[in-house]
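Data first, discussion second: the structure below is written as structure tokens.
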Amino acid sequence: MLSFAASSLVYFFEMLISYIVFSSISDRKRHKATVFIIGLVIFEFGAVINTICSNTVWINSIYTVASTFVFAILCFHVRYGAAAIYVILMSIFSAALEFATIFAISALSGVEITGYNLDQSLLLMEAAISKTLYLISCLILIRIRRSGPVFDRAPRSFYFFPICVLFSLISFWYISAHESLGHFDQMLLSVTSMVLFGATVLLFITYQHSLERDLEYLRIKSENERLQLEKAYYDILERQNQQLMIYSHDAKNHLAAIRSLSSEPGIDDYINKLLHQLTDYTNNCHSGNKILDVIINKYVTEAGLRGVDFNYDIKSCNLDSVEDTDLVSILGNLMDNALTAAEKSHGKHMLLETTTRNSYSVIIISNSCNARPEARESRLLTTKEDKRLHGFGLKSVKNTLKKYGGDYSWDYYEDRQLFVVTVMIGGK
């Protein structure tokens with residue numbers, strides 16, 4: 001029977017493996033330190049139960065399944081059904097590999113299956129071997145689940161480390177079971193076994209966090225590049241609008257001069273039509289903020305092409321303190337989302353309004369939307385397939401607004417099938 005200290009160590013590694021699995025398939029609900037504290041409390045209570053119940057197998061099995069499921073639900077954004085499936089698979093792996101390890105070691109060494117239950121050092125090494133196999137099987141499960149370009153960047157040789165550790169652990173066990181070693185030597189080998197297993201787990205946790213940082217960097221880099229392209233595009237549109245305004249002004253003067261030179265009613269009517277068309281073509285938004293005007297004019301055109309009725313109501317709203325790239329980030333992401341949702345809806349309409357509330361500049365974007373967007377804890381989720389590489393737009397909006405002491409909120413009105421985002425922007 002494992003001592004309380006050894007049992008605590010085993011349950012600690014159970015927690016770490018569960019963390020590796022669930023953080024690989026979903027996002028954390030809480031800060032990393034909080035997740036570890038919750039995990040320690042849940043899993044280490046299993047060591048207490050194990051000691052009280054004298055290592056009763058079925059009680060340990062039930063508690064391990066329950067604790068892994070509760071840990072997944074409390075600490076990760078994973079659905080109940082998905083959590084249950086993963087917990088069942090992990091439990092099957094753990095139980096099967098533990099029994100396989102015991103029977104294999106017993107067959108190869110000639111030691112009775114229950115012969116080493118009284119030897120703490122052999123028990124620890126058996127636990128390290130079975131948990132290493134369990135970790136390898138979970139890593140294979142994760143790789144199958146997350147087969148993709150980002151996860152596949154891990155070199156194949158990277159996975160030979162736990163296999164090498166496994167062979168080392170088996171060698172330690174064989175030496176301890178067959179050689180005349182002292183108690184201290186056996187305990188030293190058992191402690192070394194647990195350290196090797198712990199190093200394997202920590203290696204994959206560290207690598208996983210490295211992948212997350214790399215992915216975050218790629219997201220930020222991609223978003224910055226997109227913003228720079230958007231800004232350059234808006235600059236081009238602004239120059240084109242200025243040229244169009246100059247051309248329109250000159251054309252109106254020329255047409256007025258032509259009309260004054262002719263007394264023919266037909267020519268006069270024709271010139272009036274041309275003047276009316278020029279007025280329509282140059283009837284752009286003029287809010288006093290050039291980048292805001294260009295953004296609105298761009299979405300007027302794009303909404304028209306996509307069959308969406310887009311209107312705007314620009315009232316007093318001082319956005320001069322907002323840098324152009326930041327305004328592009330805020331409005332570009334929100335307007336893209338609104339236009340996409342409106343295009344897919346039955347109503348196909350959207351509205352942009354600006355106003356001032358207290359000391360905040362307020363932007364309100366509303367659009368038709370057939371169903372309530374998917375969200376977790378008020379955080380909107382992307383509808384795109386690769387959720388790890390997308391869904392960064394709203395994070396970018398939130399981070400940008402923090403620079404100005406602002407934030408955004410959203411509401412969905414079921415009766416009107418209307419989605420509304422309200423943006424509050426303060427001074428820098």
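The values are calculated or read from the model by the stated rules, or taken from the named source; none is laboratory data. Because the structure is predicted, anything quoted here is derived from the model rather than measured. Methodologically, a virtual Cβ is constructed for each residue, glycine included, from the backbone with ideal geometry; neighbour enumeration extends over all protein chains shown.
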Selection from the stretch 308-346 of residues more than 30 Å from the chain's Cα centre (by Cα) and not aliphatic (A, V, I, L, M) yields D309, F310, N311, Y312, D313, K315, S316, C317, N318, D320, S321
Of (1) touching a residue at least 60 places away in the same chain (Cβ under 8 Å); (2) touching a strand residue (DSSP E or B) at 6+ places or on another chain (Cβ under 6 Å); (3) of a type in the set (D, E), D313 fails just (1)
If we keep only residues of the stretch 2-47 that are in contact (Cβ under 8 Å) with a residue 40 or more places away in the chain and of a type in the set (D, E, K, R), then the residue surrounded by the most Cβ atoms within 10 Å (Cβ to Cβ) is E14
Checklist entry - With respect to E343, is the statement that it is among the charged types (D, E, K, R) and either modelled with pLDDT under 90 or under 16 Å from G406 (Cα atoms) (or both) true? => result no
Taking first residues from the stretch 345-367 that are more than 18 Å from E302 (Cβ to Cβ) and second residues anywhere that are aromatic (F, W, Y) and outside any strand (DSSP E or B), the pairs with Cβ under 7 Å that are 6 or more apart or on different chains are none
Some residue of the stretch 276-293 being on the phi < 0 side of the Ramachandran plot, at pLDDT 70 or above and of a type in the set (F, W, Y) = no
(1) polar (S, T, N, Q); (2) modelled with pLDDT of 80 or more; (3) in contact with a helix residue (DSSP H, G or I) (Cβ under 6 Å, 6 or more places away or on another chain) all hold for T301 apart from (3)
Exception for G81 within (1) surrounded by fewer than 13 Cβ atoms within 10 Å (Cβ to Cβ); (2) under 18 Å from S130 (Cα atoms); (3) of a type outside the set (A, V, I, L, M) falls at (2)
